[in-house]
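The values are calculated or read from the model by the stated rules, or taken from the named source; none is laboratory data. Since we're looking at a predicted model, the values are computed, not measured. FYI the Cβ positions are ideal-geometry reconstructions off the backbone, even for glycines, and counts take in every protein chain you see.
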Amino acid sequence: MMNVPLTVGSLLERAEKYFPKKTVVSRTHSGIQRFTYKEIGERTRRLMSAIKKLGLQTGERAGTMAWNHHRHLETYFAIPGMHAVLHTINIRLSPEHIVYIINHAEDQVLFIDEDLVPLVEKIADQIPTVKAFIIMTDQAELPKTTLQPAYSYEQLLAEGNPQEAFMTDIDENDLAGMCYTSATTGNPKGVIYSHRGIVLHSYALGLADTTALSESDVAMPVVPMFHVNAWGMPFANTWFGSTQVLPGPRFTPKVLAELIAEEGVTITAGVPTIWLGLLKELETGNYNTSSLRAVLCGGSAAPRGIIHAFETKFKVPFLHAFGMTETSPLATVARLKSYQSDLSEEEKLDQRAKQGMIVPGLEMKVINDQGEVNWDGADMGELLIRGPWIADEYYRDDRTEQAFQDGWLYTGDVATVDEEGVIKLVDRTKDLIKSGGEWISSVDLENALMGHEAVFEASVVAVPHPEWQERPVACIVLKDGFDEETMKQELMDYLSPQFAKWWLPDDIIFMKEIPKTSVGKFLKRELRAQLEDYFMKQN
Ligand code: AMP
């Protein structure tokens, strides 16, 4: 067979050639803008020539600090397309961590959204490798800034070459992108993506039994483009010629609901907290969601209750998937097998609320002290994954040794496997609640609680206990109109037939909001600290 390198630039070239009329809908600070792939292609080529003129060299890193919009999409292809490395920076990290990762990646150039300029100005004197700041503004004039030297994105494009060629002389194993993932302790860890990994992962997103992305989709990644490349959707959707809807800065559930209705979105992707917010909006407004063929949910466990609500109230199919920054991210998808159609509705929902089966191309195993666990849905162990779009190291980081062993990624997630080979994540190793020598799954308790009509958000964490070592405590945000006094007992009564007695939370605490991570997951570390304070004050 021919040994043709798989490269990121070729993905956009295909869209330019075969789908020049298809569009990218981009919500920016000044409103909705529309571009065809012909225009995106030309703008990307101009950008490529401009950043070369600024001095960016092969293999060097260019950072982006940006929301989901067309300019960010252009950097996705221009930077790897000239054989440099696209480093998407999580703008919600603390300034200290942002400084750390820019220095660790040695970014030479920074692309910055207009509203994030003040954030970068505050750290500019701590990031000496950065030689140029490119401001992504809709305005003709560059906003006033202390960043030096600063360039206007559109001005650079105006001066760039619309025929600049994507580099073809690229080893497919070379770096194309990188993204840092938060660690439980210490600094974020850098994950690097090769050209080959990105292209193979794009194939995986197109498989009928995974997310089935295709030309006919109108795809709206709500998951940020700074979080595992918006789950790889911008690459795959461009390649397949799908219409893309990029929801831009500081969107609200209302904005998302309107975009779905007005643009006819067929597939959208994000973490459960986004879908909880959207669900609330859909319940109050009157939106047409009939175009949706899938709400793709990952990043945290999709509560059974959300799946049920989307599907029964709004006839919107829900699709639960699992992945990590280290896995590009698509690793497992929860779909029923064809012969499972005679399961009861409840059983089907149970199955689809699991994380699912490993996608074609990857391998997994779940191990504990005794070796591989039995596929009985009960034995628990750590999930290991390997395959051509799984990272094999952290960038210049000695934490590599612990996470990557014998050709496997040790995910740090604890899972069971059922007779069908379907995995169910029980917890992160660090979030499992160890009570009296046994393990309690916080995820199972959360799932059950979020199935109750009064519960908006639920997060269950361990608090230290003198006798049992740890005990679960549930933190709940109630929906409007429900009363804390009466709900405490009602929720306990609701849980008790579903779980063994020793699994039941020792307490239920009501909150206005559950602290979230920079990518919208429940921040259990912070919650545990808050609860320790709470119990200290009580005792
Ligand atoms: P990140 O690298 O930030 O995307 O985080 C990856 C981690 O998120 C995984 O190791 C899991 O702990 C968690 N995660 C991702 N998807 C799911 C899911 N569908 N269900 C439960 N946890 C998930």
*Determine which single condition ASP398 fails, assuming it passes every other condition in (1) under 24 Å from ASN103 (Cβ atoms); (2) part of a strand (DSSP E or B).*
(2)
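Within segment 265-272, is even one residue closer than 30 Å to GLY197 by Cβ, at pLDDT below 95 and within 16 Å of the ligand (Cβ to nearest atom)? If you could, list the steps in order and put the result at the bottom.
Of segment 265-272, the ones closer than 30 Å to GLY197 by Cβ are 265-272.
Filter once more, so that each one left must be at pLDDT below 95: 271-272.
From what is left, the residues that are within 16 Å of the ligand (Cβ to nearest atom) are 271-272.
Looking for residues that are closer than 30 Å to GLY197 by Cβ, at pLDDT below 95 and within 16 Å of the ligand (Cβ to nearest atom), one finds at least one in segment 265-272, hence yes.
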*For segment 143-234, which strands (runs of 3 or more DSSP E) that fit wholly inside it have 1 or more residues that are within 16 Å of the ligand (Cβ to nearest atom) and in contact with an Asp or Glu (Cβ under 6 Å, 6 or more places away or on another chain)?*
189-194
*Just one of ASP169, ASP174, ASP217 is under 20 Å from ALA105 (Cα atoms) and charged (D, E, K, R); which is it?*
ASP174
*Being over 22 Å from the mean Cα position of the chain (by Cα) and at pLDDT below 95 is the filter here, so list the residues in segment 273-287 that pass it.*
GLU283, THR284, GLY285, ASN286
_Is it the case, given these coordinates, that ASP427 is out of contact with any Asp or Glu (no Cβ under 6 Å at 6 or more places or on another chain) and in contact (Cβ under 8 Å) with a residue 12 or more places away in the chain?_
yes
*Just name the residue that is nearest to SER291 (Cα to Cα) out of those in segment 238-266 that are assigned to a loop (DSSP other than H, G, I, E, B) and out of contact with any strand residue (DSSP E or B) (no Cβ under 6 Å at 6 or more places or on another chain).*
GLY241
*Limited to segment 288-301, what total is found for residues that are within 15 Å of the ligand (Cβ to nearest atom) and either closer than 14 Å to THR211 by Cβ or part of a strand (DSSP E or B) (or both)?*
5
*From the list GLU215, GLU258, which one is assigned by TED's automatic domain parsing to the domain that holds GLU74 and farther than 21 Å from ALA301 by Cα?*
GLU215
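In segment 253-269, how many residues are in contact with a Leu (Cβ under 8 Å, 6 or more places away or on another chain) and at positive phi? Explain how you work it out, then say what you get.
Let us first name the residues in segment 253-269 that are in contact with a Leu (Cβ under 8 Å, 6 or more places away or on another chain), namely 253, 256-257, 260, 265-269.
Okay, now just the ones that are also at positive phi, so none.
Qualifying residue count for the region: 0.
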*May I ask you to list the residues in segment 80-103 that are surrounded by 21 or more Cβ atoms within 10 Å (Cβ to Cβ) and either over 22 Å from the mean Cα position of the chain (by Cα) or outside the structural domain of GLY177 (by TED's automatic domain parsing) (or both)?*
GLY81, MET82, HIS83, ALA84
*Boolean, ALA269 is part of a loop (DSSP other than H, G, I, E, B) and crowded, with 22+ Cβ neighbours inside 10 Å*: no
*Give the residue, chosen from GLY356, GLY421, GLY387, GLY371, that is within 26 Å of LEU207 (Cβ to Cβ), surrounded by fewer than 17 Cβ atoms within 10 Å (Cβ to Cβ) and either modelled with pLDDT of 95 or more or within 16 Å of the ligand (Cβ to nearest atom) (or both).*
GLY421
*Would segment 125-148 turn up any residue that is touching a Gly at 6+ places or on another chain (Cβ under 9 Å) and over 20 Å from GLU60 (Cα atoms)?*
yes
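Restricting to segment 241-252, name every residue that is closer than 17 Å to SER216 by Cβ and either in contact with a Leu (Cβ under 8 Å, 6 or more places away or on another chain) or surrounded by fewer than 18 Cβ atoms within 10 Å (Cβ to Cβ) (or both). Break it down stepwise before answering.
Going through segment 241-252, the residues closer than 17 Å to SER216 by Cβ turn out to be 241-245.
SER242, GLN244, VAL245, listed by residue number.
Output yes when any residue across segment 107-115 is assigned by TED's automatic domain parsing to the domain that holds GLY186, charged (D, E, K, R) and free of Cβ contacts under 8 Å to residues at least 40 places away in the same chain, and no when none is.
Going residue by residue through segment 107-115, those that are assigned by TED's automatic domain parsing to the domain that holds GLY186 are 107-115.
With the extra rule that they be charged (D, E, K, R), the set shrinks to 107, 113-115.
In the following step, the residues that additionally are free of Cβ contacts under 8 Å to residues at least 40 places away in the same chain were identified as none.
Within segment 107-115, none of the residues are assigned by TED's automatic domain parsing to the domain that holds GLY186, charged (D, E, K, R) and free of Cβ contacts under 8 Å to residues at least 40 places away in the same chain.
Just to check your reading of the model, which residue among ALA403, ALA415 is within 16 Å of the ligand (Cβ to nearest atom) and more than 30 Å from HIS308 (Cβ to Cβ)?
Details: ALA415 fails: more than 30 Å from HIS308 (Cβ to Cβ).
Testing whether each residue is within 16 Å of the ligand (Cβ to nearest atom) and more than 30 Å from HIS308 (Cβ to Cβ) leaves just ALA403.
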*Under 6 Å between Cβ atoms, at least 6 apart or on separate chains: pull out the pairs that start in segment 504-518 with a residue that is under 25 Å from TRP439 (Cα atoms) and end on any residue that is within 16 Å of the ligand (Cβ to nearest atom) and of a type in the set (Asp, Glu).*
ILE514/GLU457; PRO515/GLU526
*Taking segment 313-334 as the region of interest, how many residues are more than 8 Å from the ligand (Cβ to nearest atom) and of a type in the set (D, E, K, R)?*
2
*Which condition number does LYS365 fail, the rest of (1) more than 14 Å from the ligand (Cβ to nearest atom); (2) assigned to a loop (DSSP other than H, G, I, E, B); (3) more than 23 Å from VAL460 (Cβ to Cβ) being met?*
(2)
*Residues satisfying the stated conditions in segment 362-421, i.e. of a type in the set (A, V, I, L, M), under 21 Å from GLY299 (Cβ atoms) and touching a Leu at 6+ places or on another chain (Cβ under 8 Å)*: MET364, VAL366, LEU383, LEU384, ILE385, ILE390, ALA391, ALA403, LEU409, VAL414, ALA415
*Please enumerate the residues belonging to segment 12-31 that are farther than 19 Å from MET225 by Cα and among the polar types (S, T, N, Q).*
SER30
